[in-house]
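Asks: The following block contains the structure, expressed as structure tokens.
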Amino acid sequence: MNEPMKLIVVIVERGQGGLMRQIFLSEAYQIRCLWQSVGQGTASSELLDILGIGTPERDILFALATHRSAKHLFRKLKSSLGGNTHAKGILFSLPLNAVNGLIAAALNHLETLDSEIGETTMEASHHSLILVLVNQGYTDAVMATAKAHGSRGGTVLRTRWAGDDEVHDIMGITVQSEKELLAIVASHRDRAAIMNAINEKHGLRSSPQALLCSVGIEDVARLG
């Protein structure tokens, strides 16, 4: 029987995605199934200077991995030796409820990690991933609201509405085609305040038409 699968998300400074890809594909980590995209960070210039990150542009990697490989990856990155990846950013994992059976079988077959790794105990994460889908041009205003309630920054992805037009009638609003997806990693302590504030100021009845959801992060690690 295939073991549970995880979605690993990596957000690093622009140009460092290739480095992270090489690390993931190495024999030390064996993360085989990867997608790479680009995004725009929302942190202020002052915060970028403090973090030592020169530009707001981001490389974003999405990876599918078995539960065992994900645990091994975070254990190594949290150690003093594995944490020096020469990349700056954040990495976190999310549990998946389902995935294509063929992909799961292939990843289980490719994985050759020692079975003892699967018994490693990991520290529980206390973070959530907040996803905010807004009309194009409103992410700065939405992010300002999020920062006022505890967020330190987020990452923006350009998207387009691809849903059924009947949704418009159900919600009673006209959905703008051009969208931006704002991804914010927040502590459980700040999550409710951030989401409530965004919904009140930028909700579906307002011009940004913000649609929000959140999912618990299984583990998180800082890079650099």
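The values are calculated or read from the model by the stated rules, or taken from the named source; none is laboratory data. Since this is a predicted model, take the numbers as computed values, not measurements. When we count neighbours, we look across all protein chains shown, and the Cβ atoms used for this are built from the backbone with ideal geometry, even at glycine. In case anyone asks, the SASA skips ligands and DNA or RNA and just uses the protein heavy atoms, side chains included. Shrake-Rupley method; radii C 1.70, N 1.55, O 1.52, S 1.80 Å.
Asks: Checking the cross-link filter: which lysines have an alpha carbon closer than 28 Å to that of residue 201, excluding same-chain neighbours under 8 positions apart?
Replies: Of all the lysines, those that pass the test against residue 201 - Cα under 28 Å, at least 8 places apart if same chain - are 147, 179.
Asks: Under 28 Å Cα to Cα from residue 71, which lysines show up? Leave out anything in the same chain fewer than 8 places away.
Replies: Here the lysines satisfying the reach criterion relative to residue 71 are 6, 88.
Asks: For residue 134, what accessible area in Å² do you get when you roll a 1.4 Å probe over the heavy atoms of the protein chains, rounding to the nearest 10?
Replies: About 0 Å², ignoring ligands and nucleic acids.
Asks: So what are the ³J(HN,Hα) numbers for the stretch 191-200, from phi and the Karplus equation (6.51, -1.76, 1.60; θ = phi - 60°), rounded to whole Hz, Gly and Pro as x?
Replies: 4, 4, 5, 5, 5, 5, 5, 5, 5, 5
Asks: How far apart, in nanometres, would the label points at residue 37 and residue 19 be if each is projected 7 angstrom from Cα along the Cα-to-Cβ direction?
Replies: 2.3 nm
Asks: With a Förster radius of 45 Å, plug the Cβ-Cβ distance of residue 206 and residue 3 into 1/(1 + (r/R0)^6) and report the FRET value to the nearest 0.05.
Replies: The value I calculate is 0.55.
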